[in-house]
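Peer 1: The structure is given below, and queries will be raised subsequently.
Laboratory data are not the source of any read-out in this text; all were calculated from the coordinates shown. Note that the structure is a prediction, hence the values are computed from the model and not measured. Every residue, glycine as well, gets a Cβ built from its backbone with ideal geometry; the counts of neighbours run over all protein chains shown.
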Amino acid sequence: MQTWETLSANLVTLQKPSIALCMYHTYHLSELQHRIAAFDDQHAYKELFQRFQPGLVQFAYAILHSKELAEEVVSDVFIRIWEKRKTLDHIHNLKLYLFVAAKNLSINCLRSKNKYETLDLNQLKVEFAAPERNPQEQLISAEAMRRIQEVIEQLPPKCKMIFKLVKEEGLRQKEIAELLHISPRTVENQMAVAIKKIGKALGVQAIASMFQNN
């Protein structure tokens, strides 16, 4: 079994830039998944890691309330991905699989510390990354964006996590329902709550619609 130190050391050796490496940034997730499974492609593995590690760490942190533990959990997720790489082609939705794995390992970590037996959505500690503004959002003033961020920070933990998973991680509502073990209607309702509060804070419902999931 590879340790994370060994695996991360191997990733560091892949830092040398090349035309081939640059191409990996354009690969669809399914292409990375297949190259890892079929060819033991460490460049594809590194791209997978860089693409999802930050979001997975934030997700695990929301459960564990510890950056150190979150990073350890996500490291374990990627170690297991590499160890079981030959089976990756059998995973239908790798992105959801990664988040489910991070959630399960985080809960196991809490159980080992005699804290929680199940995921309590009201105990989540959700942090948002620095916002990347799309072309629509760039039309909104800096003051309006500040107010939007304030509203988001004040959302209840469950609502805030759902909003984050939709807007930052790009998960579909059905995927979030499966991940958090709640109904799709609950996800839809929580998104509606978030959007309504944003719209109320801005006084412009049209602007809030920019935050809806397509």
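Peer 1: Could you tell me which of rounded, prolate or oblate describes the stretch 51-192, using a ≥ b ≥ c as the square roots of the eigenvalues of the alpha-carbon gyration tensor, with rounded for a/c under 1.5 and, failing that, prolate when a/b is larger than b/c and oblate otherwise?
Peer 2: It comes out prolate by the Cα gyration axes.
Peer 1: Run the simple label-point estimate for Glu83 and Thr26 please: 7 Å along Cα→C-beta, distance reported in nm.
Peer 2: 3.6 nm
Peer 1: Could you run the Karplus curve 6.51 cos²θ - 1.76 cosθ + 1.60 with θ = phi - 60° over the stretch 98-108 and give me ³J(HN,Hα) per residue in whole Hz, x for Gly and Pro?
Peer 2: 3J(HN,Hα) across the stretch 98-108, in whole Hz: 4, 5, 5, 4, 5, 5, 5, 5, 5, 5, 4.
Peer 1: So for each of 119-126, 39-46 I average, over its residues, the number of other beta carbons within 10 Å; can you give me the resulting order with the highest mean first?
Peer 2: 39-46, 119-126
Peer 1: Excluding same-chain residues fewer than 8 positions from Lys67, which aspartates and glutamates have a Cα within less than 13 Å of its Cα?
Peer 2: Partners within reach: Glu127.
Peer 1: Then there is this: Please give the FRET efficiency for His181 paired with Ile91, using the beta carbon to beta carbon distance and R0 = 22 Å, rounded to the nearest 0.05.
Peer 2: 0.70
Peer 1: Any lysines with Cα under 16 Å of the Lys160 Cα? List them, leaving off those in the same chain fewer than 8 positions away.
Peer 2: The reachable lysines, counting only those whose Cα sits under 16 Å from Lys160, are Lys125, Lys196, Lys197.
Peer 1: Here's something else I'd like to know. Which distance in nm do the two modelled labels at Gln50 and Ser141 give, with both placed 7 Å along the Cα-to-Cβ direction?
Peer 2: Going by the 7 Å Cα→Cβ label model, 3.9 nm.
Peer 1: Seen from all sides and averaged, what is the projected area of the convex hull of the Cα atoms in the stretch 20-61, in nm²?
Peer 2: Over all viewing directions, the stretch 20-61 projects a mean Cα-hull area of 3.0 nm².
Peer 1: Oh, and also: How large is ³J(HN,Hα) for each residue in the stretch 179-194, as worked out from phi by the Karplus curve 6.51 cos²θ - 1.76 cosθ + 1.60 (θ = phi - 60°), to whole Hz, x for Gly and Pro?
Peer 2: Residue by residue, the stretch 179-194 yields 4, 9, 6, 10, 7, x, 5, 4, 4, 4, 5, 5, 5, 5, 4, 4 Hz.
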